[in-house]
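Notes to accompany the following structure.
The values are calculated or read from the model by the stated rules, or taken from the named source; none is laboratory data. All figures in this text were calculated on a predicted structure; none of them were measured in a lab. Positions of Cβ are backbone-derived with ideal geometry, glycine not excepted, and every protein chain shown enters the neighbour counts. Side chains included, ligands, DNA and RNA excluded: accessible areas come from the protein's heavy atoms. Shrake-Rupley method; radii C 1.70, N 1.55, O 1.52, S 1.80 Å.
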Amino acid sequence: MLAATIPTDEHVHSTFASRYTRSPVPRFRMPERTMPKDAAYQVIHDELMLDGNPRLNLASFVTTWMEPECDNLIMAAINKNYVDMDEYPVTTELQNRCVNMIANLFHAPVGEEETAVGVGTVGSSEAIMLAGLAFKRRWQHKMRTEGKSTEKPNIVTGANVQVCWEKFARYFEVELKEVKLKEGYYIMDPVEAVELVDENTICVAAILGSTLTGEFEDVKTLNDLLMKKNEETGWNTPIHVDAASGGFIAPFLYPDLEWDFRLPLVKSINVSGHKYGLVYAGVGWIIWRNKEDLPDDLVFHINYLGSDQPTFTLNFSKGSSQIIAQYYQFLRLGFEGYKNIIENCMENMKVLKQGIENTGRFNIVSKDIGVPLVAFSLKGTSKHTVFEVAENLRRFGWILPAYTMPANAQHIAVLRAVIREDFSHGLAKRLVEHIELVLKEMDALPGRILPHKKTERETQEEVFRYWKRLVDRKRSGVC
């Protein structure tokens, strides 16, 4: 009887004294034996301590803080598969409400009781793939009707587009025609964009909130120029607006700015719920102007989950939590709440910008109108590089990306700090203090800059070496 009550060796030792923390953690093969749950938790928890702090990651536009009440809703829905619409009809209804709210925010021409055309996605990357496929299919239908070839579709963008556009072009065999940038002008020039349009252009993609500088591209001018060209040619080339970052900013700060469905050639808009939609990573939205802009032959119908369900996504199963979290934010904040939060982000952006300017060491590349971020480059007299600044700031926990501009402005290298809801006035002041400290320390060191102007290849190699050092610190040996 007594022997049965004696605790095993596994329980008399603390987690850190057990054999599970004394042996190397499996990296390439599944372990043969089980591990106690507390030990497994502790081993993984301790490894994750070496990650950066998400709140100090100013490289990312993605939301890193939500209210505890929303966290509770997320955890309550963590086991719901969104695609099971018949089993989880309320979750489906919440998604439809979000689509309608966003469509109305973007001035889609839908009636008071009319259902908008759109869908929730894993992020703006999937949303852009779906929008691009719709444009390509509509163009194919048009060309076949006219008895013309469908072999060489193209899409016109600026060289500042996010990599997901390059993925779309490569994966779905569409030529990407890029408007090159130039020093001092880091967004797509609408005049040059329209000049690149031809009969095989499936759409022109405009960016509302450039990843590089946060600037809004001039969608209104693009629409007017393209309408004129369409009248002359009969091509009817449409516009897609990539509003991943700016879609939840412009309606609240710049309500008179015409960039959305108020412009007749804008046929679809994507927006990231997990950026300034204020939801954790994993949700985006694609909205079409009307049903005619989403070809029926791209929509699948399934019935093996209980009822007929139309679906137009690149993936199938996905979690419901982010959809529910998006609806929580819409319900909780409303127009007033979003406006207050975005205004606060802009105020903190101005504090950070002023502090950086006051150092006298940087040129501000970003603009005041756009996404709340600060992009800045070292002045030409500096003997160091922005890559050194970024690397040294990591000692204090700050993660700021350093990068070169796309063609034809590769010789410009910048740092960028994205201002999110959880970045406060106090943190802005502290970041400036750390930047000043880093500059002071770097001034005492010999410069790495070569005595001659770097070639494009030298600049690219420097960028590669910088990011390789950061990745190697995290790398587990497996890509």
Open item on the list: Within region 258-289, take every residue that is hydrophobic (A, V, I, L, M, F, W, C) and farther than 23 Å from residue 229 by Cβ and give me the one that is farthest from the chain's Cα centre (by Cα).
Closed with: 287
Task: Selection from region 259-283 of residues that are open to solvent by 30 Å² or more (accessible area, probe 1.4 Å), among the charged types (D, E, K, R), farther than 19 Å from residue 367 by Cβ and in a loop (DSSP other than H, G, I, E, B) - done: 262
TODO: Just name the residue that is surrounded by the most Cβ atoms within 10 Å (Cβ to Cβ) out of those in region 208-258 that are acidic (Asp, Glu) and in a loop (DSSP other than H, G, I, E, B).
DONE: 217
TODO: Count, please, the residues in region 101-137 that happen to be crowded, with 19+ Cβ neighbours inside 10 Å and either over 30 Å from residue 152 (Cβ atoms) or not aromatic (Phe, Trp, Tyr) (or both).
DONE: 24
- [ ] Of all residues in region 402-418, count the ones that are in a strand (DSSP E or B) and open to solvent by 30 Å² or more (accessible area, probe 1.4 Å).
- [x] 2
Task: Hey, residue 435 under 15 Å from residue 378 (Cβ atoms) and at pLDDT 95 or above or not - done: yes
TODO: Could you please tell me which pairs satisfy a Cβ distance under 7 Å, a separation of 6+ or placement on different chains, a first residue in region 209-232 that is at pLDDT 95 or above, and a second residue that is acidic (Asp, Glu)?
DONE: 220/258
Task: Filtered residue count, region 333-353, keeping only those that are closer than 30 Å to residue 294 by Cβ and either open to solvent by 70 Å² or more (accessible area, probe 1.4 Å) or under 21 Å from the mean Cα position of the chain (by Cα) (or both) - done: 3
Open item on the list: Suppose we filter region 354-379 for residues that are surrounded by 21 or more Cβ atoms within 10 Å (Cβ to Cβ) and over 16 Å from residue 403 (Cα atoms); how many remain?
Closed with: 4
Open item on the list: Kindly evaluate residue 382 against the criterion of being of a type in the set (S, T, N, Q), buried (at least 18 other Cβ atoms within 10 Å of the Cβ) and either closer than 20 Å to residue 254 by Cβ or in contact with a Lys or Arg (Cβ under 6 Å, 6 or more places away or on another chain) (or both).
Closed with: no
Open item on the list: Step by step: first the residues of region 188-207, then only those that are in a helix (DSSP H, G or I) and of a type in the set (D, E, K, R), then the one that is farthest from residue 416 (Cα to Cα). Which residue is that?
Closed with: 195
